[in-house]
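Participant: Quick one: structure below, then a few questions.
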Amino acid sequence: MTIEQGPYQVRFDWGLAGVEAVGADADVVVWVDAIATAPPPDLPPAASGAVIDVDVRTSAAAARWLLALQERLARRITIAVVAAGERRADGSSRYAVEDHLAAGSVISHLGALGIDATSPEAATAEAAYRHLGRALGHLVSAGVTGRAAAVRPVAFRVDEVLGAEAVVVRRPHSDAGSAAVSPG
């Protein structure tokens, strides 16, 4: 199986197909769903990889958690950042601006910590967040999902002080041991 974006440490794609395309060999799949309208889906397992759930409020904490995992494993880890997207009533997928920006936020925070070997796809998501971040609350609340969920703009500020406890670890990394990975 060919892994798309394989040479890069930080990869980006969309939905369950994206998990398989960029995450099959990843150390961590970061499932990004800024406005969860349904429970997160079961994700196909990577060899030893962890799965964490992230939204825009926990993106900084997730980046610190990922750096701590990399330090604990004492090697460069691969990270598949996957935006959930939304399902239409007919079952088709829909682009979700909030997931794109939240994924870009994770990638931006990783870059600030020195994990910046990003694929072009990841760099583009990061650039969208970096250039539109000041309008994040408005863009999220004005998007299709935000309007449907009646999201208020203030709810989407990134909180830089959230700690590791803010990171939802759905599946731990098998090589990291049983102890929780903390941000240091």
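All of the numbers you see were taken from the coordinates with simple rules; none came from a lab. It should be emphasised that the depicted structure is a prediction, and the values quoted were computed from it without experimental measurement. Glycine gets a Cβ as well: all are built from the backbone with ideal geometry, and neighbour counts include every protein chain shown.
Participant: Can you tell me the length gained on complete extension of the stretch R130 to A117, counting 0.36 nm per residue apart and subtracting the Cα distance?
Facilitator: Full-extension gain reported as 3.0 nm.
Participant: Roughly what would the spin-label model give for A148 and R76, points 7 Å off Cα along C-beta, in nm?
Facilitator: Between A148 and R76, the simple spin-label model gives 3.9 nm.
Participant: Could you give the Stokes-Einstein D for segment 47-90 in µm² per second, using the C-alpha Kirkwood radius, 25 °C, 0.890 mPa s?
Facilitator: Result for D is 199 µm²/s.
Participant: Apply the Debye scattering formula to segment 1-135, with a single equal point scatterer on each alpha-carbon and no solvent, then give log10 I(q)/I(0) at q = 0.12, 0.16, 0.17, 0.21 Å⁻¹.
Facilitator: -0.40, -0.72, -0.82, -1.27
Participant: Within segment 14-78, which trypsin sites (Lys or Arg not before Pro) sit in a loop by DSSP and count at most 15 neighbouring Cβ atoms inside 10 Å?
Facilitator: Sparse-neighbourhood loop trypsin sites (Lys or Arg not before Pro): R75, R76.
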